[in-house]
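In what follows, a structure is listed as structure tokens, so that the remarks can point back to it.
The values are calculated or read from the model by the stated rules, or taken from the named source; none is laboratory data. Computed from a prediction, not measured in an experiment: that's the story for all the values here. Note that we place each Cβ from the backbone using ideal geometry, even for glycine, and neighbour counts take in every protein chain shown.
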Amino acid sequence: MRELEAAHPELIGSVRTNVGDVKCKPRSKRELIELLDMGAKMPLANIDTSLITDMEGLFRKSKRSNFAGIETWDTSNIVTMKHMFASAIYFNHDISSWDVSNVRDMSHMFEGAHRFNKPLEAWDVSSVTDMSFMFNEAERFNQPLRKWNVVSVTDMSNMFSCAEHFNQPLDGWNVSKVHSMKYMFYRAFSFNQNLNSWNVSSVTDMCYMFDMAKSFNQSVGAWNVSAVTNMREMFVRASAFNQPLSDWNVSNVQNMREMFCEASSFNQPLNDWDVSNVQDMREMFSKASSFNQPLNDWNVSNVQNMYCMFNEAKSFNQPLDRWDISNVKDMAYMFCEATSFRYPITAWSLHNQSTQGMFLRLPGYCDMESRVMCLTPHDDKALKYDLEDMIQQFGEKAVHDALRLYGAQYGIKED
């Protein structure tokens, strides 16, 4: 006690209640940290935090195991709690009684707080604008949050990413101001709740939103996604997901790279989508092993990349002859191991696109004109690679016959 008075007389607030017990009232975050650095000598219950406005990173990477008394803290003036308990691996204390009504930033607040699993639903979070990474890697957290008023939040990116046990209803949330939901449920292995009532009309980025959310299979077909520009890997590895999306307005989306890659259950109609602004479709249905829906009405005239688009999409067998692929630069491995695909693509106009391995390991695809058309006379290495694969699949005579029939038309010499 005397040591504290000598070093920090300005921190002494009310008088001691027991021997060695003192109430301290820090005037700044620096003074608060000095008190916390005293460890067990300064019980958390003896700190009056009513003058503090900033608790950013206060217990970040803390090895502290005893948080008794922290529930008594006056947090009514706090504006930021960013990173407050980030990587505080032993933190699991009930702070549900805190007044957080003035907090604006809760980003990363419980990130990596692996043991934390206490109630928070009573919090007034109506002033919070940033909840990005809030429960990222909070592996055990699974508490109700449905009653939260999130009306001011603009960023929910990574909010529950890697929160492996979280599976609570969120359907009551007003997310109308949220701009980013990227990675929101990434690796949220248990999450499977109804979100269809959400107003996502302000969201522009949904990339990786349900990446590896392997339990998620809820309807989101009513969402207004007209502002979204990025759907890259949105449902990648979401192995249970198979819900209708045909009513989505995706007219502003530019990136659909790997959107349904390894979404092994997905098989819903998408033919009515306006994809006229999409530039990247690489691996879009790669390893989407159930998908077999018409896509021939798509306007793909702005797409530049179709690399591995249907790679190992083993059920896909739909005509694509009406596609305008004039701007596509990379079609390599597009149908590689898409073992059901049979339709000709000779209506396409190829102009030096990269088409290496386009029909690799596809012995059932016997349209030899399409195969010859997709050979690359401008790339000797790729040409040799694909000819060797064709010979392996059909034999040398069949390949030479095909080259005699179609080679000259597509600039391929038979030698």
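Pull up region 355-373, narrow it to residues that are within 12 Å of Gln409 (Cα to Cα) and touching a helix residue (DSSP H, G or I) at 6+ places or on another chain (Cβ under 8 Å), then point me to the one that is surrounded by the most Cβ atoms within 10 Å (Cβ to Cβ). Quick ask: steps written out before the conclusion?
Let us first name the residues in region 355-373 that are within 12 Å of Gln409 (Cα to Cα), namely 369-370, 372-373.
From what is left, the residues that are touching a helix residue (DSSP H, G or I) at 6+ places or on another chain (Cβ under 8 Å) are 369, 372-373.
Details: Glu369: 15, Val372: 25, Met373: 21.
Of everything passing the filter in region 355-373, Val372 is surrounded by the most Cβ atoms within 10 Å (Cβ to Cβ).
Pick out the one residue from Ala332, Ala338, Ala313 that is under 15 Å from Ala382 (Cβ atoms), among the small types (Gly, Ala, Ser) and part of a loop (DSSP other than H, G, I, E, B).
Only one candidate qualifies: Ala332.
Is it the case that region 7-19 has a residue that's at pLDDT 90 or above, among the hydrophobic types (A, V, I, L, M, F, W, C), touching a strand residue (DSSP E or B) at 6+ places or on another chain (Cβ under 8 Å) and surrounded by 12 or more Cβ atoms within 10 Å (Cβ to Cβ)?
no
Being surrounded by fewer than 21 Cβ atoms within 10 Å (Cβ to Cβ) and among the acidic types (Asp, Glu) is the filter here, so list the residues in region 84-125 that pass it.
Of everything in region 84-125, those that are surrounded by fewer than 21 Cβ atoms within 10 Å (Cβ to Cβ) and among the acidic types (Asp, Glu) turn out to be Asp94, Asp99, Glu121, Asp124.
Is one or more of the residues making up region 197-209 touching a residue at least 40 places away in the same chain (Cβ under 8 Å) and buried (at least 17 other Cβ atoms within 10 Å of the Cβ)?
Scanning region 197-209 turns up at least one residue that is touching a residue at least 40 places away in the same chain (Cβ under 8 Å) and buried (at least 17 other Cβ atoms within 10 Å of the Cβ).
Scan region 165-172 and give yes if some residue there is surrounded by fewer than 24 Cβ atoms within 10 Å (Cβ to Cβ) and either in contact (Cβ under 8 Å) with a residue 60 or more places away in the chain or under 18 Å from Tyr90 (Cα atoms) (or both), otherwise no.
yes
Does region 56-80 hold any residues that are more than 11 Å from Asp99 (Cα to Cα), polar (S, T, N, Q) and surrounded by 15 or more Cβ atoms within 10 Å (Cβ to Cβ), and which are they?
Ser62, Thr80
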